[in-house]
Structure formats: structure tokens, C-alpha cells
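Structure record follows, encoded as C-alpha cells.
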Amino acid sequence: MSKLLVSATGLAAAAALTLGATGPQAAASTTLQPAGHSFSAQLTGKATFVAGSTTMTCTVSASVPTTGANNQVPAAPANHNAAGPVSAPVNPPSFSGCTTSIVGVSVTVTANSTNGAWTLTTQNGAPATGGFTIPKGGVVLKTSGFASCTITASPTGPTAVNGTWTNGAPSTLAISGAPVPATVTGGFLCPTGNQSATFSATYRISDTTDPAQSVTVTG
């Protein structure tokens with residue numbers, strides 16, 4: 001096991017959240033609809049975490065509304081930004097059904113909000129973009145068996161994992177190969193120290209207040 005990478009068919013990243021236009025251009029106007037509605041983010045396909053030549057795959061992942069303002073489109077007029085993205089706090093996603101490509105090594109993946117909030121940020125554009133912000137230490141992967149390692153993503157501060165947003169019924173957020181910093185601790189065979197990671201996954205974003213409607217990103 002050498003250099004750590006984290007990848008999943010559907011989440012993605014950068015060290016600071018920057019969505020929309022590049023360079024000195026102003027970001028486009030963004031509206032996230034329906035205002036005030038709750039939403040869920042459900043994995044479709046697989047979430048794949050890669051550590052060097054080792055692939056860690058999860059088949060189930062979701063961020064769902066509970067109580068409070070998490071997983072809720074901001075109420076009007078806060079669901080519109082004339083000069084950039086619109087964000088909403090979300091509950092940390094769960095991960096289960098996780099396996100590794102190494103015989104004799106299993107893995108658990110846990111997300112948390114101990115050091116800050118998770119957020120979903122959307123930006124209108126061609127294409128529209130979206131992403132999750134992982135707070136400091138917001139994802140922890142623990143392997144057991146032949147190699148017992150602890151992998152902490154985003155160890156020093158928030159990291160944005162960004163991808164492409166496609167409006168639909170439901171809308172989707174597709175993140176592919178997003179880089180995420182990580183640290184690894186553990187014993188024999190663990191690639192300890194600071195590492196570079198990637199993360200990929202596709203999530204369906206569904207309106208849970210009114211399932212007949214879709215969560216959309218427009219101008």
C-alpha cells in the first residue's frame with residue numbers, strides 16, 4: 001500500500017470551494033429551487049475510495065433530512081444569488097456496503113460534523129456545477145485485518161469536492177476523481193503520513209417535501 005487516494009463514482013474536490021466561472025470573470029446568477037423544500041442525496045452506483053493500488057468501494061451512501069435546516073433549500077430570497085453560488089447545510093452522508101480490493105482487508109467509512117458543517121453548494125452555468133464541502137476530519141476510513149490503518153480526509157480544514165449538476169427528475173450531482181488531502185496512521189503496511197487522495201461518486205438529489213417536484217439549479 002503506497003500513496004493514498006480516495007475515489008467514488010459520484011462525490012469530488014478542491015481545497016477551497018470554487019464553483020462556476022474561472023479566472024477574473026464574475027460567477028453567474030444562481031437559483032436553487034424549490035425554496036424551503038427538504039432534499040435527500042442518494043448514491044447511485046458505487047462510491048470508490050482508492051489507496052495507492054488498493055480500491056475501497058461502498059455501494060450505499062446517503063445524506064437525508066432529519067430535523068432543523070440541514071438538507072433544506074434556503075427559503076426565498078436566500079435561495080437566489082445574483083453573483084455566485086447558493087449553499088445549503090447537509091447532514092454528513094452515511095456509507096455502508098464497503099469492501100476493499102485486498103484479500104483479508106475490510107474497511108468502514110464514517111462521515112462526521114465534529115469540526116464543522118457539511119454543505120452542498122450549487123452554481124448555475126454551462127454546465128451547472130455542485131459539490132459537497134467536507135469539514136476538517138469529516139471522513140474517516142478504517143481498515144482492519146491484514147492491514148489496520150486509519151485514513152482521515154481533509155485533516156487540516158474544509159475541502160470541497162465538486163462535480164457536474166444535471167437537472168432532472170431527480171437531478172444528479174456527478175463527482176469524478178476529485179482530489180482530497182488525507183493523513184494515514186497505523187502499523188505495518190500502512191502508508192503513514194500526509195497523502196494525496198481522490199474521491200468520485202454520483203448522487204441523486206430528490207425533493208422530500210414534495211416528491212413530485214425536482215431540486216433544480218437555474219439562473
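The values are calculated or read from the model by the stated rules, or taken from the named source; none is laboratory data. None of the values given here were measured: they were computed from a predicted structure. Virtual Cβ from ideal backbone geometry, glycine too; neighbours counted across all protein chains shown. Areas reflect the complete protein model, heavy atoms only, side chains present, ligands, DNA and RNA absent. Shrake-Rupley method; radii C 1.70, N 1.55, O 1.52, S 1.80 Å.
For the reader, a short list of remarks on this structure follows.
- Condition broken by ALA21, with the remaining ones in (1) surrounded by 14 or more Cβ atoms within 10 Å (Cβ to Cβ); (2) modelled with pLDDT under 95; (3) not hydroxyl-bearing (Ser, Thr, Tyr) satisfied: (1)
- Output for the range 93-110, where each listed residue is open to solvent by 20 Å² or more (accessible area, probe 1.4 Å) and either more than 20 Å from the chain's Cα centre (by Cα) or within 21 Å of VAL184 (Cβ to Cβ) (or both): PHE95, CYS98, THR99, THR100, SER101, ILE102, VAL103, GLY104, SER106, THR108, THR110
- Selected residue (criterion: nearest to ALA174 (Cα to Cα)) from residues of the range 62-86 that are open to solvent by 60 Å² or more (accessible area, probe 1.4 Å) and of a type in the set (S, T, N, Q): GLN72
- Residues of the range 64-96 that turn out to be among the small types (Gly, Ala, Ser) and under 14 Å from PHE132 (Cα atoms), as a count: 3
- Looking across the range 190-217 at every residue that is open to solvent by 60 Å² or more (accessible area, probe 1.4 Å) and in contact (Cβ under 8 Å) with a residue 60 or more places away in the chain, the one that is nearest to the chain's Cα centre (by Cα) is identified as ARG204.
- When restricted to residues that are surrounded by 15 or more Cβ atoms within 10 Å (Cβ to Cβ), in contact (Cβ under 8 Å) with a residue 24 or more places away in the chain and on the phi < 0 side of the Ramachandran plot, the range 136-147 contains 7.
- From the options GLY187, GLY163, GLY177, GLY168, residue that is surrounded by fewer than 21 Cβ atoms within 10 Å (Cβ to Cβ), touching a residue at least 12 places away in the same chain (Cβ under 8 Å) and under 16 Å from THR122 (Cα atoms): GLY168
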